[in-house]
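**Student:** Got a structure here, written out as structure tokens. Questions coming.
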Amino acid sequence: AVTPEPVSAAEYSLYIVRCRDGSLYTGIAIDVGRRLREHESGNRGARYLRGRGPLRLEFTERLGDRATAQQYEHRVKRLQREHKEALIAGRLSLEELGAD
């Protein structure tokens with residue numbers, strides 16, 4: 001008998017967007033492009049981002065399962081702005097941050 005391959009779990013990505021006012025917003029999503037469109041439309045988007053468009057996607061990295069993505073999201077949200085900018089510029093990696 002042939003055993004079917006397990007259905008792979010959805011892969012989450014961490015993303016950072018820059019708002020019109022220069023502020024940075026961090027989130028996680030399976031489909032970052034769709035999530036960004038939701039933020040921009042105002043429907044189902046984060047309350048923080050309402051009225052702060054246009055939004056520019058500055059950083060995205062695939063992380064795997066939701067729990068891992070949430071750990072990194074929590075860590076990045078606690079970073080000082082200069083460290084978020086270093087992450088965006090590639091001077092800092094998520095691996096250097098480690099997961100909680």
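The values are calculated or read from the model by the stated rules, or taken from the named source; none is laboratory data. Nothing here was measured: the structure is a model prediction, and the numbers come from that model. Because the Cβ atoms are built from the backbone with ideal geometry, glycine has one as well, and the counts that use them run over all protein chains shown. Areas reflect the complete protein model, heavy atoms only, side chains present, ligands, DNA and RNA absent. Shrake-Rupley method; radii C 1.70, N 1.55, O 1.52, S 1.80 Å.
**Student:** Taking the conditions exactly as written (of a type in the set (D, E, K, R) and either exposed (fewer than 10 other Cβ atoms within 10 Å of the Cβ) or modelled with pLDDT of 95 or more (or both)), does Arg37 satisfy them or not?
**Tutor:** no
**Student:** Do you know which residues across segment 1-31 are open to solvent by less than 40 Å² (accessible area, probe 1.4 Å) and either on the phi > 0 side of the Ramachandran plot or modelled with pLDDT under 95 (or both)?
**Tutor:** Gly22
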